1. Would you work out the charge dipole size for segment 1-91 about its Cα centre, treating the Cβ of every Lys and Arg as +1 and the Cβ of every Asp and Glu as -1, and quote it to the nearest 20 debye?
2. Spelling out what I want: for every residue of segment 79-93, take phi, set θ = phi - 60°, compute 6.51 cos²θ - 1.76 cosθ + 1.60 (Karplus), and round to whole Hz; glycine and proline get x.
3. Can you list the lysines whose alpha carbon is less than 25 Å from that of K83, not counting same-chain residues fewer than 8 positions off?
4. Rounded to whole Hz and in sequence order, give me ³J(HN,Hα) for segment 43-58 from the Karplus expression 6.51 cos²θ - 1.76 cosθ + 1.60, θ = phi - 60°, writing x for Gly and Pro.
5. Given charges of +1 on the Cβ of Lys and Arg and -1 on the Cβ of Asp and Glu, with all other atoms neutral, how large is the dipole of the chain about its Cα centre, in debye to the nearest 20?
6. Multiply the residue gap between K79 and L141 by 0.36 nm, knock off their C-alpha separation, and tell me the result in nm, one decimal place.
7. For the ranges 29-35, 88-94, 43-49, what's the packing order if you count other beta-carbon atoms within 10 Å of each residue, average per peptide, and put the highest first?
8. Quick one: which of 16-26, 118-128 comes out on top by average Cβ neighbours within 10 Å, and what's the full order, highest first?
Amino acid sequence: MSLNVGDNAPQFNLLDQSEKEHSLDELKGKTTLIYFYPKDETPGCTAQACSLRDNIHDLKNNGIDVIGVSKDDVGSHSKFATKYQLPFTILSDPSTKMIDAYGAWGERNMYGRKFMGTIRSGVLVGPDLRILAVWPKLQPLKTVSEVEKFINS
């Protein structure tokens, strides 16, 4: 990722699964995990979202809000969030401007085929809108444990 601890979080204005617009300014005064994932309804992305859902109370008890981001459209996010009862915001970034600004767009390799895409990664944005932690590569089922490890360190 191109972001480092202490950097200002890049600005964004994107729609969520309910077509509500969100911006970086809303995060002021909160600690927020922004995680980037490749695609709704794929096995790894579904496992990651459901793990975050299943641990949302622990994260909130530690003062952490969650926002997911992928390039899927609002309709796809709406179906995904409804089907899996996801209790957090999922932002649609079809232009990949936010994904790129947060360093989560790059070369991927799947089954020997190289292509540009979203890299499963995350950042923790502090109440002052500065980056507290960066995870350039996340495993779907280790996202929560990585955040908790950081919080408890």
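1. 160 debye
2. The phi angles translate into 5, 4, 5, 5, 4, 9, 6, 7, x, 9, 6, 10, 8, 9, 10 Hz.
3. Answer for K83, where 25 Å is the Cα cut-off: K20, K39, K60, K71, K142, listed by chain and number.
4. x, x, 5, 5, 4, 5, 4, 5, 5, 5, 4, 5, 10, 4, 5, 5
5. Dipole size: approximately 460 debye.
6. Taking 0.36 nm per residue and subtracting the Cα distance, the gain is 20.2 nm.
7. Ranked from most to least packed, the peptides come out as 88-94, 29-35, 43-49.
8. 118-128, 16-26
Just so you know, all these numbers are worked out from the coordinates, no wet-lab data involved. Only a predicted model underlies this, so the values are computations on that prediction, with no experimental measurement involved. Every residue, glycine as well, gets a Cβ built from its backbone with ideal geometry; the counts of neighbours run over all protein chains shown.
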